[in-house]
Amino acid sequence: MIPSQRRTSVQRVKIISFTLLTLFCFFPASNDLEAGEVYQVTPLSFGSIDLNPSGDTILIAAKNGAASPTSFQSVVTGGNSGQLTLRSTTVEHVDIVYPSSVPISGGGDILLITHIADNSQYTGVGVDLPGGNIPVTVSVGGQIKLKGNEDNRTFSGSMTINLFFN
Amino acid sequence: MNKTWKKGTLVAGLALTGFLVMQGSTAMAGDVTMNIDAAITTSIVETVTTDLDLGSIDLDPAGDTITIDAGGVAASGDGGAAALPVATGASVITGGTSGLITVTSAAGVNFDIDVVYPGDGTVNVTSDATGATTVTLDSIEGNSGGGATNGTVNHTGGAPTEIHVGGQVVFPSDAEAGTYSGSMTITLNYS
């Protein structure tokens, strides 16, 4: 038989060792977990618009995926919906918030891009990333209303899209 | 006794582990910037292809009215023949032609053209001779394509649309010989 005092000391050493091991294995190096990322952004382009002199509305309807610009009575060459490419190491859900409108400028004038959320993917429902760094694309669209007899010029600008990784 | 201690230790270790995992869960947020571009161009070209020319007029000594009636010339790109000046009286006219405006655009850019001509009595034509006699080019809209008289001109992109322009000048009996010239502004409204 082992004396009771000696047995208690051995058991105490074991308890401390196990606890320290647990802390080492499960206490994270930092308080933050890794989130997904946007690793590619493709600009939104309305292309070259041979505008009808009475004006027109140019639309990129990307709610169901990549889309080209369309018009009612002008000729549009080139252009494309914007695109975000997202990925994550683990399964994540991403909520996306688009701006309501964005100004772009050219030659001292301003054009307003509107209806962005209405014409972009995953508005209001978000998108699920499968993890394993598998890329998921998000298409972005919008609309420009042009008045008649616009001067020839190039417009440019940028918008901020908010992403919430859960 | 040994078995009891081990079980107690195992349960405590797992509980501690679970607590740490819960404390480490966070949601991440971020913004991304996307560039935007658009280029506005127009392929519409308006050209005064031919000036209005009443020709060389050997004027009736009693005076005369010289008219170019281009209202009936088709406003299309089919190269319809220009209208020629006609005298009411005994004047003899050589040469002359209705004016011509040509509108082009890229295929697919289709629109209507509402032509607005100067009002009657507003276009002066003045001779270069001593004394500088001035006469008036009149009845332009009634003798031209489009406008209120002949209606809107329809344009189809990819083919030229021609708008023929005419008018009328009354030369008095004492109109001096010489070259008469002037200019007018015609407005094209697109819709």
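Here are a few things to note about the model shown:
- Computed 3J(HN,Hα) for the range B:89-102, one whole-Hz value per residue from the Karplus formula 6.51 cos²θ - 1.76 cosθ + 1.60 where θ = phi - 60°, is x, 9, 5, 10, 10, 10, x, x, 6, 5, x, 9, 10, 10, glycine and proline marked x.
- Shown here for the range B:105-191: GluC sites (Glu not before Pro) in loop regions (DSSP other than H, G, I, E, B) with at most 16 other Cβ atoms within 10 Å, namely B:Glu176.
- Scalar couplings 3J(HN,Hα) for the range B:132-142, obtained by applying the Karplus form with A = 6.51, B = -1.76, C = 1.60 to θ = phi - 60°, are 6, 5, 10, 10, 10, 7, 10, 6, 5, 4, x Hz; x denotes Gly and Pro.
- Interchain or long-range residues, amide H under 5 Å from B:Asp64's placed H: B:Phe171
- Within the shell of other residues whose beta carbon sits under 15 angstrom from the beta carbon of A:Gly82, the net charge comes to -2, with Lys and Arg scored +1 and Asp and Glu -1.
- DSSP-loop trypsin sites (Lys or Arg not before Pro) across the range A:63-166, with at most 13 other Cβ within 10 angstrom: none
- The phi-based Karplus calculation (6.51 cos²θ - 1.76 cosθ + 1.60; θ = phi - 60°) puts the 3J(HN,Hα) values of the range A:152-166 at 5, 5, 10, 10, 8, x, 7, 10, 9, 10, 8, 10, 10, 8, 10 Hz, whole numbers, x for Gly and Pro.
- Accessible area (Å², per residue) of the range B:104-191, counting only protein heavy atoms and a probe of 1.4 Å: 45
- Carbon and sulfur %, accessible surface of the range B:30-125 computed with the full protein complex present, 1.4 Å: 51
- Amide H partners (placed H, <5 Å) of A:Leu129, local residues excluded: A:Glu92, A:His93, A:Val94
The values are calculated or read from the model by the stated rules, or taken from the named source; none is laboratory data. This is a predicted model, so every value here is computed, not measured. Cβ coordinates were reconstructed from backbone atoms using ideal geometry, including for glycine residues, and neighbour counts include every protein chain displayed. These accessible areas exclude ligands, DNA and RNA; they are computed on the full protein's heavy atoms, side chains included. Shrake-Rupley method; radii C 1.70, N 1.55, O 1.52, S 1.80 Å.
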